[in-house]
1. Using only DSSP helix segments of four residues or longer, with each worth -39500 (n - 2.57), what per-residue ellipticity at 222 nm results for chain A after dividing by its residue count and rounding to 500?
2. As an exercise, find the ratio Rg/Rh for chain B from alpha-carbon atoms, using the Kirkwood inverse-distance average for Rh.
3. Would you kindly derive the ³J(HN,Hα) couplings of the stretch B:66-79 from the backbone phi angles with the Karplus curve 6.51 cos²θ - 1.76 cosθ + 1.60 (θ = phi - 60°), listing them in order in whole Hz, with x for Gly and Pro?
4. Using +1 at the Cβ of each Lys and Arg and -1 at the Cβ of each Asp and Glu in the stretch B:1-154, identify which of B:Ala53, B:Ser109, B:Met132 lies farthest towards the dipole's positive end.
5. Could you work out the pair-distance distribution P(r) of the stretch A:3-276 from its alpha-carbon pairs, with 5 angstrom bin width and percents rounded to whole numbers?
6. Can you say what percent of the DSSP beta bridges in the protein assembly as shown, counting only those with both residues inside, are antiparallel? Round to 5.
7. Using modelled amide H (1.01 Å from N, peptide plane; none on Pro or chain starts), what sits under 5 Å from the amide H of B:Arg270, excluding residues fewer than 5 places away?
8. Quick one: if you stick a label point 7 Å off each Cα along the C-beta vector at A:Ala3 and A:Glu60, how many nm between them?
Amino acid sequence: MEAQEWTRLAKKAVDIREEVVKMIYRAKTGHIGGDLSETDILVDLYYRQMNVSPENQKDENRDRFVLSKGHSVEALYAVLADKGYFPKKDLETYSQYGSKFIGHPNNKIPGIEMNSGSLGHGLSVGVGMALAGKMDKRPYRVYVVLGDGECGEGSVWEAAMAGSQYGLDNLTAFVDRNRLQISGTTEQVMHQDSAEERWASYGWNVLSIPGNDLYSIDDAVDLAKHTKGKPTVIVANTTKGCGISFIENKAAWHHKVPSEAEYQEALKELAERRATL
Amino acid sequence: MSQAIKKVVAEFLQEAGKKDRDIVVLCSDSRGSGAFGPYAEELPEQFVEVGIAEQNLVGISAGLASCGKRPFAVSPASFLSTRSMEQAKVDVAYSNTNVKLLGISGGVSYGALGMTHHSATDIADMASIPGMRVYLPSDGPQAKCLMKELVKDTDPAYVRYGRNAVEDVYEEGNVPFVMDRATTVREGKDLTIIACGEMVWQAKKAAEQLESEGIHARVLDMYCIKPFDGEAVRKAAEETGAILTVEEHTAYGGLGSLVAQLTAREHPTRVRSLALPDAPVVTGTTPEIFKHYGLDAEGIAKAARELVG
Ligand SMILES: Cc1ncc(C[n+]2csc(CCOP(=O)(O)OP(=O)(O)O)c2C)c(N)n1
Ligand SMILES: [Mg+2]
């Protein structure tokens, strides 16, 4: 990736984070920590790697995306609005009475392929999508984003087995390895180390990267595209709450809502970041 | 007074746990939602965290119970009643292990988080399992009475309660509670409103409004969905001639169906049911959702007027 392209994506990442903070502050609800942690992954996929756009949303060859950690939907809403799937103004209705923009992905909303919110479903669905692609010899690729706490669900590992059983090299899973879940660190609650060794033993191609680094994310996705015969998992070592200092790396910010002062401070930090780009 | 049932239940188990080391609370990354943080701090040896793994939660509980422990498995009602349903059926009810399933954040407590987080089918899911008892306490004081019974007995049960604070229906220390018998919240002769869980307080409010209009509504709190208090329903049918059921649950296989089945068999009566729709519920806060479907005092009073008028 060229430096200029990196700057374009890095600016997008700031825009998305800003929209997330605004949406959650306005509605007084949302999963801010996980949104900020996955933002760079979504930005690389939606603005560079995936062939998806409002124009091709019915195209059978479009890439497929499943947000298995569905609680982090606000960042996805912000991306889809920015890409033009629906007017940005619609986001003002997020979580409001009668809105279709609820706190988890719903495929009534343009650009969303699959409903989620109950953890541990998305990878199985991704396996199904990738299998269909193989059956019909279609060129599309399937991307699934999982939480690290979510990997406590047994169903994730049933899907992991199936993914390698069927040699689904058109399937790429991200684990948003921010090392936090609701009740504390993953290692205290239910350990996930070594995530890399686990996935490797299930027959996956494993890439472990700094998960908020756009260069690394982009390279990993490229590598996954060139890996044949097995699915790839990208263990993205992220920071929960990434980009806003006082939210970073704190379990309590899983779904806390910023106060007025925190809101202003968050916007200020994001503006400072933008100024450096 | 208003208080969250979850706090009452967690504090009760913390006290009980201090006296009985066989009491074990299990959580699935749900201790905060269930208000079990202080319990986990004080009784770490009687607390098991399983992570985000509801099937494992219930299976481990069954194993603990089979070795003499008294486990209380805590998880949002939505996931507990569906994701771990087979464990509830096979490892708990069928195997008759002494596991108490505590379905927290029940009904539409999670408001705008949507269908994945609502438990609108848990009465039907759990009550349809042979050997599984089902309880929906209506407030804190009643929940405490219920917990006192459940902590003593040795059979499986599923208990559902909400996330938010609820107004007390009953007075602490003076709760008219008989295990597995519906509670008469108020007497009346023109119709009976039968409700469970958070709907009881709304029904009580509605009855007060109706009273001022000259309609005397009896209110029954059917906190015991299973075993169901058929006798109280039969009496209501005989004595008041019309029944309105109110539940934070779909109409399929819920309180309304149970009441209709019983009256059809024993005393055919006009029955009308207020329930959640057979669809994902409208987006909104919990009170907005209640209002939308007529599950608030105003909606209940309106349905009652139509029924008797
Ligand atoms: C089946 C299921 N169980 C429990 C929950 C409640 N829940 C929502 S988010 C969450 C923690 C998720 O942690 P993680 O997967 O690490 O996500 P992240 O840190 O990226 O927010 C839990 C337990 C759920 N949504 N689905
Ligand atoms: Mg996490």
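Laboratory data are not the source of any read-out in this text; all were calculated from the coordinates shown. Quick caveat: nothing in here was measured; it's all calculated off a predicted structure. All Cβ positions, even for glycine, are placed from backbone atoms using ideal geometry, and neighbour counts span all protein chains on display.
1. On the way: 9 runs with 113 residues, N = 277.
-13000 deg cm²/dmol, from helical runs alone.
2. 0.97
3. Values per residue, Gly and Pro as x: 5, 9, x, 7, 10, x, 10, 9, 10, 7, x, 3, 4, 7 Hz.
4. Most positive-ward Cα: B:Met132.
5. Going out from 0 Å in 5 Å bins, the stretch A:3-276 shows 1, 6, 13, 18, 20, 18, 13, 7, 3, 1, 0 percent.
6. Values: 10 of 66 bridges.
Around 15 percent antiparallel, to the nearest 5.
7. B:Ile243
8. With each label point 7 Å from Cα toward Cβ, the separation is 4.6 nm.
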